[in-house]
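Report on one structure; see the data block that follows.
Every number in this text was worked out from the coordinates using simple rules, so none of it is lab data. Everything numeric in this text was worked out from a predicted model, so none of it was measured. No Cβ is skipped: glycine too gets one built from the backbone with ideal geometry, and neighbour counts run over all protein chains shown.
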């Protein structure tokens, strides 16, 4: 099994997207890069169609919420190159008032429900998505429950306050 | 996929009937709703609605220490919950940098492969039921019971197992568990062979399944299919081989692949996987015999609960017990993606940790959720009865679909 290293992978990305790639990390050997929403589809297309990299498999799309930061909502893509047996994680952060990102359904049919799930829980609007509706929650729900401002439990409950745990 | 020869979209003569297949219908084996437009018995279009048993596991996970999340993973694919449990333990171990002893890895392989067999027994048995043969299902159910008895010996429960702990197992396997596993290995091959003989050359079964819901490799990949479904379409992607976890690299086994990606190929792939699982269990038993028999967990006092007698009589054990239960141990500030080969495909755990007592964000890549989205598009043009067996062969588990 030929396997390309993360350096080679990063170099071939940087030859085309040098200025667009910000923040490169490698937690537990998985190359993680950050980019902007203007370049995300170009980057995904490049990764998918490049003859050497061949990231043909979309493993997952999900999101994360960091409140009180400049760009609180992050959309996270996990891709897998089955030929090279290497994975990559791509993050795109967007501002709170403008949670829009182009859809990846143009590249993978499987992105459809993953994006619906991300919309359902985080309110990320995937522009160009063929059928962006809620998927697991009820249709008339008005909030996006996985955002951090929505507490899981009754906020009046006092037995789980941090000071009981010395914090 | 077949196209109906008579019907066209613009035909004003056609009166379509609407059929609500589900949410509770005996033929769907779970809570699945599909609103189908039918022309006679042909499906013209369908819309899937899911989420009937959504329990917000990802949100709950953000409020629980790591060891309390295991019970949530049980309830995803409840036909093979040990695989989910192990996948979660291994994710946390990867984050914390815990190296498990070889014996723990091999014990886990036994449990995971037993779970895979029990899951495939259900799926292939139900496929028989939906094509009109109840015998195979009832006959094989006895062996699922045998597997559940092995679970009982190890962890005390049967369906939602909560088996194992971070770092290993809560207690060592007793000799009854090993005896039952060996007994299973001697009895099950005969039954599986008979089961195969009942179906794989049965004229009625072959006619009902061959060529039905055929999916080519390219389509399967574009829909992010994994597991037996992708392998039936001819792609030999198996997480156990590509990214070995729990010492799968020490084992000798084969990954069966199909050619047509139809219901029949999925049946054959699952059957062959059961044979391979038995090979894996046999090898694991042989390897365990060479390991010291008293090791069943890694030496990680920060995360592995001490025995109760020590908690009562030993100061250090009491401190560890308290710190673990209260979630006081600092954890790395990092993120990790770990995938295991679940019975339905790649079961992934994406864990973002900020060093607190609970995950900052936990996302489950649930194979059923991703596999099922193709169901409505691929049902177009299919006979209703074919769509039913197609759903059985997708082996969509409602708990994993909705999480």
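Rounded to the nearest 10 degrees, the angle from helix B:263-289 to the longest Cα principal axis of chain B is 20 degrees. Per-residue mean of foreign Cβ neighbours for A:55-63 is 6 (Cβ atoms of other chains, 10 Å radius).
Looking at the stretch A:6-165 alone, DSSP beta bridges between its own residues are antiparallel in about 70 percent of cases. With no solvent and one equal point scatterer per Cα, compute the Debye intensity ratio I(q)/I(0) for chain B at 0.07, 0.08, 0.11, 0.14 Å⁻¹ and report its log10, rounded to two decimals. Rounded to two decimals, the profile gives -0.35, -0.45, -0.81, -1.24.
Could you work out, residue by residue across A:131-138, how many beta carbons of other chains sit within 10 Å of that residue's beta carbon, and then give the average as an integer? List each step's numbers first, then the result.
Working: counts 1, 0, 1, 1, 8, 11, 3, 2.
The mean count of partner-chain Cβ atoms within 10 Å per residue comes to 3.
Angle of helix B:102-130 to the longest C-alpha principal axis of chain B, folded into 0 to 90 degrees and rounded to 10: 20°. From largest to smallest, the equivalent ellipsoid semi-axes obtained for the stretch B:66-148 from the alpha-carbon gyration tensor read 31, 14, 8 Å.
Order these peptides, B:219-231, B:35-47, B:198-210, B:71-83, by their mean beta-carbon neighbour count within 10 angstrom, highest first.
Details: B:219-231: 25.7, B:35-47: 17.4, B:198-210: 15.8, B:71-83: 23.3.
Ranked from most to least packed, the peptides come out as B:219-231, B:71-83, B:35-47, B:198-210.
Of all alpha-carbon pairs in the stretch B:206-323, indicate the percentage at a distance above 19 angstrom. The partial results should precede the final answer.
Working: 4367 of 6903 pairs.
Value for the stretch B:206-323 (Cα pairs over 19 Å): 63 percent.
Take the convex hull of the alpha carbons in the protein assembly as shown; its mean projected area over all directions comes to 28.0 nm².
Using R₀ = 25 Å, calculate the FRET efficiency as 1/(1 + (r/R₀)^6) where r is the Cβ-Cβ separation of residue B:41 and residue B:216; round to 0.05. It would help to have the intermediate numbers written out before the result.
Numbers: r = 25 Å, r/R0 = 1.00.
Between residue B:41 and residue B:216 the formula returns 0.50.
Normalised by the number of residues in chain A, what is the relative contact order in percent for Cα pairs under 8 Å and 6+ residues apart? Kindly include the intermediate steps, with their values, before the conclusion.
Values: 258 pairs, mean separation 29.1, N = 167.
Relative contact order, chain A: 17 percent.
Axis of helix A:111-122 versus longest Cα principal axis of chain A: the two differ by about 30°, to the nearest ten degrees. Using r as the Cβ-Cβ distance of residue B:99 and residue B:153, and R0 as 30 Å, what FRET efficiency do you calculate, to the nearest 0.05? Using R0 = 30 Å, I get an efficiency of 0.65. Here the label points at residue A:106 and residue A:54, each 7 Å from Cα along the C-beta direction, are separated by 2.5 nm in the simple model.
Peptides A:33-43, A:5-15, ordered by how many other C-beta atoms sit within 10 Å of their residues on average, highest first, read A:33-43, A:5-15.
Quick one: work out Rg over Rh on the C-alpha atoms of the stretch B:121-220, Rh as Kirkwood radius. Intermediate values should be presented prior to the final figure.
Numbers: Rg = 17.7 Å, Rh = 16.0 Å.
Reported Rg/Rh, Kirkwood definition of Rh: 1.11.
Over the residues of the stretch B:250-403, compute the C-alpha Rg and express it relative to 2.2 N^0.38 Å.
Taking the Cα Rg and dividing by 2.2 N^0.38 Å, one obtains 1.48.
Quote the Stokes-Einstein diffusion coefficient, in whole µm² s⁻¹, for the stretch B:21-128, based on the Kirkwood radius over alpha carbon pairs, a temperature of 10 °C and a viscosity of 1.306 mPa s. Roughly 94 µm²/s, to the nearest whole number.
Report, in deg cm²/dmol and to the nearest 500, the calculated mean residue ellipticity at 222 nm for chain B, where each DSSP H run with n ≥ 4 adds -39500 (n - 2.57) and the sum is divided by the residue count. After summing the helix terms and dividing by the residues of chain B, the value is -15500 deg cm²/dmol. Shape analysis of the stretch A:6-165 based on the Cα gyration tensor places the equivalent ellipsoid semi-axes at 31, 19, 14 Å, largest first.
Full extension of the chain between residue A:143 and residue A:68 gives 25.2 nm of extra length, using 0.36 nm per residue less the Cα-Cα distance.
Report the gain in length on full extension from residue A:131 to residue A:14: 0.36 nm times residue separation, minus Cα-Cα distance, nm rounded to one decimal. Kindly include the intermediate steps, with their values, before the conclusion.
On the way: separation 117, 0.36 × 117 = 42.12 nm, distance 3.37 nm.
Gain on stretching residue A:131 to residue A:14: 38.8 nm.
Beta bridges from DSSP with both residues in the protein assembly as shown: antiparallel share about 85 percent, rounded to the nearest 5. Based on Cα atoms of the stretch B:304-351, Rg over Rh with Rh as the Kirkwood radius reads 1.23.
Report, as an integer, the average count of C-beta atoms from other chains found within 10 Å of each Cβ along B:302-311.
Details: counts 0, 0, 0, 0, 0, 0, 0, 0, 0, 0.
Average per residue, whole number: 0.
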